[in-house]
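Note sheet for the following structure.
The values are calculated or read from the model by the stated rules, or taken from the named source; none is laboratory data. Just so it is clear, the structure is predicted and the values come from calculations on it, not from any experiment. When we count neighbours, we look across all protein chains shown, and the Cβ atoms used for this are built from the backbone with ideal geometry, even at glycine.
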Amino acid sequence: MKRVIGFCAFAYATSLGCGASPTMGGPMSHLLVTLFDNQVYVTFESPSMSTVQLQASSESFDGAASVLNSSGHNSQFGWLANGFISLPGSSGIYVRTLESTPRLDVYSESGFDPILGTDGSDDLWRWDGTMTHNWYSSRLKGSHTARYEVFVGDLFGEPLAGYSPGQVELSFTYGEQPRGIRYPGGDLQSPLPAPGALGALGVLGVMAGSRRRR
């Protein structure tokens, strides 16, 4: 089922009405995922938006979105394919948490399910290739970061031989203004092909859900 992008986009899969939906927190900040010569790259579409602010709300949300109550939250960061990505059959793109500030929580875009290590969830999350804005939240004021590995994996989330992963670090502030611009380092400074038109992720075959790590 396709995700709905636009007004009330984050209410469609919950019992929330449009008036009770949490807000994104600002303009979209896309994380562009590129696959070039079997190397995954993740870059910020707007490097000046590599740090965003968790916004507190005076409203209480009902249903699944209630996990954001009494916290600062934000969903500006969105995973987005940079051009058309063609993958081998029975494979997909995965995101794995490498490091994360304690008490920084992550929830799925539409269902508000804990992901990427939140509340004991798997630290591995399968991205379906569509533009996806997950929710980040914290009840602890200050600065927060999350660093991820992004790789091509098989049906079980195991990295495929012959493909090199990329990394990206996201930064958040809560209760203070962002201090300057943070740029990703390491592999993310490697030369990239000229960005193409943003498109959907092309995957050959239908994938099963990723298994939980034991």
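Is region 75-91 home to any residue that is farther than 30 Å from Asp154 by Cβ and out of contact with any Leu (no Cβ under 9 Å at 6 or more places or on another chain)? Yes, because at least one residue in region 75-91 is farther than 30 Å from Asp154 by Cβ and out of contact with any Leu (no Cβ under 9 Å at 6 or more places or on another chain). Applying a threshold of 6 Å to beta carbon distances and a minimum spacing of six or more residues, or different chains, the list of pairs starting in region 88-101 at a residue that is aliphatic (A, V, I, L, M) and ending at one that is at pLDDT 95 or above reads Ile93/Trp127; Val95/Trp125; Val95/Trp127; Val95/Tyr148; Val95/Val150; Leu98/Arg147; Leu98/Glu149. Of all residues in region 67-83, those that are under 16 Å from Phe151 (Cα atoms) and either more than 14 Å from the chain's Cα centre (by Cα) or not aliphatic (A, V, I, L, M) (or both) total 2.
When region 96-121 is filtered for residues that are surrounded by fewer than 20 Cβ atoms within 10 Å (Cβ to Cβ) and assigned to a loop (DSSP other than H, G, I, E, B), the ones remaining, listed by number, are Thr101, Pro102, Arg103, Ser108, Gly111, Asp113, Gly117, Ser121.
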